[in-house]
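*Asks:* The structure follows.
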Amino acid sequence: MNDKWRVTKMQAEQMDPYYRDTWVEVNLSAIEQNVRSLSHVYKDQNTAIMAVVKADGYGHGAVPVAKSAIDGGATFLGVAILDEALELREAGMTTPVLVLGRIRPMDARIAAKHHIAVTVFSKEWLVSAKEYLDSSNPLTIHVKCDTGMGRLGITDPKEIKEMVQIIHGSDAFYLEGMFTHFATADELDISYYQEQFQQFQQFINQLEEENISIPLIHCANSAAALRFPKRAFNMVRFGISMYGLSPSPEIKHQLPFPLEPAFQLKTRLAQVKKLEAGKAISYGATYVTEREEWIGTLPIGYADGWIRAHSTNGGTVLVDGEELPFVGRICMDQCMVRLNSSKEEGTIVTLIGHDHGQELSMDSVARRLDTINYEIPCIISKRVPRLYFKDGNLISVKNQI
Ligand SMILES: *Cc1c(COP(=O)(O)O)cnc(C)c1O
């Protein structure tokens with residue numbers, strides 16, 4: 001068994017105790033480096049980096065990711081919902097934060113109180129939110145333009161004028177930003193991206209016509225930030241690639257610097273047994289050994305986010321650098337793999353990440369489930385403790401149960 005890991009586990013239990021042999025390793029140095037690499041792309045222009053840490057930092061852990069991103073040069077944070085912004089504030093972070101989704105008008109005062117900027121996409125929202133605000137604590141807002149994503153945002157550049165009239169007619173608001181979001185910036189065919197960009201330009205022209213100046217104009221997600229830095233205005237919203245993942249497999253070869261993945265998922269063999277031919281494995285007895293086989297039981301299941309499709313879609317793990325298949329159905333808390341030989345119980349099993357020079361990448365795991373890399377770390381549940389490493393050393397642990 002790996003002694004280095006035993007030492008790490010003892011340290012981890014002093015930080016935030018957990019008593020299971022399944023864990024996520026998050027390499028914070030990789031996150032910091034990915035942000036730093038992006039800041040080099042922008043070194044000759046005045047473009048800020050917003051680190052997008054919604055959904056608990058894409059499953060990595062919002063607070064430690066945010067801190068590492070700031071160390072790497074990010075100066076803004078992005079989240080999806082107000083509760084996520086408040087989590088950052090409760091952790092003592094004072095960096096500007098923007099909520100990218102809708103908040104309720106009745107919660108505007110809480111956002112203002114904690115200096116959290118919010119996304120606005122209609123006059124009606126402004127009118128309702130105003131009732132909950134006062135001028136001693138103005139709410140910072142970014143106007144969202146829908147240029148073709150069809151999600152949140154105003155669709156007509158002319159709406160800007162009326163919104164700005166409401167905003168400037170009240171000292172309850174501070175207009176800090178205007179932005180849009182691309183639907184296809186990660187595709188090889190850039191025609192729709194270009195249409196959206198031109199549409200966004202119409203909104204900007206409208207501001208100029210009305211003599212309205214807004215400090216922050218932003219449109220780029222990771223894909224656009226990496227591919228089209230000349231069209232980034234003064235902020236980019238860096239999400240998936242901050243975590244070291246390509247926005248899509250197609251554009252992987254177009255990226256301006258190598259991305260370093262930060263997330264690994266590991267467990268240990270709970271039991272190893274030799275079964276003779278004709279023995280069934282797991283619920284439904286769908287897998288039957290063909291010959292004498294070594295079967296390893298892993299203490300991870302669908303309640304950890306390791307969903308049943310991993311076994312039905314030909315999933316594998318790494319054990320001592322060998323790639324081995326799941327057999328039988330994945331259960332709520334456990335699942336089984338077929339080993340090539342006997343292995344010591346407690347041997348480390350890699351579900352995502354590196355093992356003895358081999359790699360099971362997030363992209364390969366996503367492809368197997370017919371989904372995108374974004375989804376995989378997000379669904380690894382809170383039951384799996386996150387261990388944070390910096391420069392190869394364990395620095396903190398988050399166990400949320
Ligand atoms: C999630 C999100 C981002 C980040 O996108 P990535 O593709 O992960 O870089 C940027 N902007 C908005 C509005 C988002 O919702």
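The values are calculated or read from the model by the stated rules, or taken from the named source; none is laboratory data. Everything numeric here is computed off the predicted structure, so don't read it as measured data. Don't worry about glycine lacking a Cβ; one is built from the backbone with ideal geometry, like all the others, and counts go over all protein chains shown. Just the protein is used for accessible areas: all its heavy atoms, side chains included, with ligands, DNA and RNA removed. Shrake-Rupley method; radii C 1.70, N 1.55, O 1.52, S 1.80 Å.
*Asks:* Hey, can you tell me all the residues within the stretch 361-370 that are within 16 Å of the ligand (Cβ to nearest atom) and more than 15 Å from SER311 (Cα to Cα)?
*Replies:* First, the residues of the stretch 361-370 that are within 16 Å of the ligand (Cβ to nearest atom): 362-363, 366.
If the condition is that a residue be within 16 Å of the ligand (Cβ to nearest atom) and more than 15 Å from SER311 (Cα to Cα), then MET362, ASP363 are the ones that fit.
*Asks:* Right, something else. Could you please find all residues in the stretch 126-148 being over 14 Å from HIS168 (Cα atoms) and touching a helix residue (DSSP H, G or I) at 6+ places or on another chain (Cβ under 6 Å)?
*Replies:* Of everything in the stretch 126-148, those that are over 14 Å from HIS168 (Cα atoms) and touching a helix residue (DSSP H, G or I) at 6+ places or on another chain (Cβ under 6 Å) turn out to be SER128, ALA129, TYR132, LEU133, ASN137, CYS145, THR147, GLY148.
*Asks:* Test of understanding: among ALA69, ALA80, which residue is within 14 Å of the chain's Cα centre (by Cα), of a type in the set (Gly, Ala, Ser) and surrounded by fewer than 24 Cβ atoms within 10 Å (Cβ to Cβ)?
*Replies:* Numbers: ALA69 fails: surrounded by fewer than 24 Cβ atoms within 10 Å (Cβ to Cβ).
Exactly one of ALA69, ALA80 is within 14 Å of the chain's Cα centre (by Cα), of a type in the set (Gly, Ala, Ser) and surrounded by fewer than 24 Cβ atoms within 10 Å (Cβ to Cβ), namely ALA80.
*Asks:* Just give me the residues in the stretch 236-269 being hydrophobic (A, V, I, L, M, F, W, C) and either open to solvent by 70 Å² or more (accessible area, probe 1.4 Å) or in a helix (DSSP H, G or I) (or both), in sequence order. Walk me through it before giving the result.
*Replies:* Filtering the stretch 236-269 for residues hydrophobic (A, V, I, L, M, F, W, C) gives 236, 238, 240, 242, 245, 251, 255, 257, 259, 262-263, 265, 269.
Within the stretch 236-269, ILE240, MET242 meet the criteria.
*Asks:* Right, here's the next one. Among the residues in the stretch 271-288, are any within 16 Å of the ligand (Cβ to nearest atom) and either touching a helix residue (DSSP H, G or I) at 6+ places or on another chain (Cβ under 9 Å) or of a type outside the set (D, E, K, R) (or both)?
*Replies:* Applying the first criterion (within 16 Å of the ligand (Cβ to nearest atom)) to the stretch 271-288 yields none.
Taking every residue of the stretch 271-288 in turn, none turns out to be within 16 Å of the ligand (Cβ to nearest atom) and either touching a helix residue (DSSP H, G or I) at 6+ places or on another chain (Cβ under 9 Å) or of a type outside the set (D, E, K, R) (or both).
*Asks:* How many of the residues making up the stretch 74-99 are assigned to a helix (DSSP H, G or I) and away from the ligand (no atom under 15 Å from the Cβ)?
*Replies:* Of the residues in the stretch 74-99, the ones assigned to a helix (DSSP H, G or I) are 82-90.
The next check asks that each one be away from the ligand (no atom under 15 Å from the Cβ); those that pass are 83, 86-90.
Qualifying residue count for the region: 6.
*Asks:* Return a yes/no flag: does the stretch 70-84 have any residue that is aliphatic (A, V, I, L, M) and more than 30 Å from ASP134 (Cβ to Cβ).
*Replies:* Checking the stretch 70-84: at least one residue is aliphatic (A, V, I, L, M) and more than 30 Å from ASP134 (Cβ to Cβ).
*Asks:* Quick check on ARG308: is it in contact with a helix residue (DSSP H, G or I) (Cβ under 6 Å, 6 or more places away or on another chain), charged (D, E, K, R) and open to solvent by 40 Å² or more (accessible area, probe 1.4 Å)? Don't jump to the end; show me each part of the working.
*Replies:* Numbers: in contact with a helix residue (DSSP H, G or I) (Cβ under 6 Å, 6 or more places away or on another chain): yes; charged (D, E, K, R): yes; open to solvent by 40 Å² or more (accessible area, probe 1.4 Å): yes.
It is true that ARG308 is in contact with a helix residue (DSSP H, G or I) (Cβ under 6 Å, 6 or more places away or on another chain), charged (D, E, K, R) and open to solvent by 40 Å² or more (accessible area, probe 1.4 Å).
*Asks:* Oh, and also: Which residue pairs have Cβ atoms closer than 9 Å, lie 6 or more positions apart in sequence or on different chains, and pair a first residue in the stretch 211-224 that is under 30 Å from PRO249 (Cα atoms) with a second residue that is among the hydroxyl-bearing types (Ser, Thr, Tyr) and more than 14 Å from the ligand (Cβ to nearest atom)?
*Replies:* These pairs meet every condition: HIS218/THR47; ALA220/THR47.
*Asks:* So which of GLN334, GLN358 ends up being open to solvent by 30 Å² or more (accessible area, probe 1.4 Å) and in contact with a Leu (Cβ under 6 Å, 6 or more places away or on another chain)?
*Replies:* Numbers: GLN334 fails: in contact with a Leu (Cβ under 6 Å, 6 or more places away or on another chain).
Sole residue among the options that is open to solvent by 30 Å² or more (accessible area, probe 1.4 Å) and in contact with a Leu (Cβ under 6 Å, 6 or more places away or on another chain): GLN358.
Yes/no matrix, rows are residues, columns are (1) away from the ligand (no atom under 12 Å from the Cβ); (2) within 23 Å of PRO258 (Cα to Cα); (3) among the basic types (Lys, Arg):
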{"position": "GLU25", "(1), (2), (3)": "yes, yes, no"}
{"position": "ILE31", "(1), (2), (3)": "yes, yes, no"}
{"position": "SER39", "(1), (2), (3)": "yes, yes, no"}
{"position": "GLN45", "(1), (2), (3)": "yes, yes, no"}
{"position": "MET50", "(1), (2), (3)": "no, yes, no"}
{"position": "VAL53", "(1), (2), (3)": "no, yes, no"}
{"position": "VAL63", "(1), (2), (3)": "yes, no, no"}
{"position": "LYS67", "(1), (2), (3)": "yes, yes, yes"}
{"position": "GLY72", "(1), (2), (3)": "yes, yes, no"}
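Rundown of residues vs (1) in contact with a strand residue (DSSP E or B) (Cβ under 9 Å, 6 or more places away or on another chain); (2) at positive phi, yes/no style:
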residue: ARG104; (1), (2): no, no
residue: ALA108; (1), (2): yes, no
residue: HIS115; (1), (2): yes, yes
residue: PHE121; (1), (2): yes, no
residue: SER128; (1), (2): no, no
residue: SER136; (1), (2): no, no
residue: ILE141; (1), (2): yes, no
residue: CYS145; (1), (2): yes, no
residue: THR155; (1), (2): yes, no
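*Asks:* Take the stretch 31-64 and flag every residue that is part of a helix (DSSP H, G or I), in contact with a strand residue (DSSP E or B) (Cβ under 7 Å, 6 or more places away or on another chain) and open to solvent by less than 10 Å² (accessible area, probe 1.4 Å).
*Replies:* To start, the set of residues in the stretch 31-64 that are part of a helix (DSSP H, G or I) comprises 31-41, 54-58, 62-64.
After this cut, where a residue has to be in contact with a strand residue (DSSP E or B) (Cβ under 7 Å, 6 or more places away or on another chain) as well, the list is 35, 38-39, 54, 64.
Answer for the stretch 31-64, where residues must be part of a helix (DSSP H, G or I), in contact with a strand residue (DSSP E or B) (Cβ under 7 Å, 6 or more places away or on another chain) and open to solvent by less than 10 Å² (accessible area, probe 1.4 Å): VAL35, LEU38.
*Asks:* Going by the conditions given, is LYS252 outside the structural domain of PRO64 (by TED's automatic domain parsing), of a type in the set (D, E, K, R) and away from the ligand (no atom under 15 Å from the Cβ)?
*Replies:* Values: outside the structural domain of PRO64 (by TED's automatic domain parsing): yes; of a type in the set (D, E, K, R): yes; away from the ligand (no atom under 15 Å from the Cβ): no.
Spelling it out, it is not the case that LYS252 is outside the structural domain of PRO64 (by TED's automatic domain parsing), of a type in the set (D, E, K, R) and away from the ligand (no atom under 15 Å from the Cβ).
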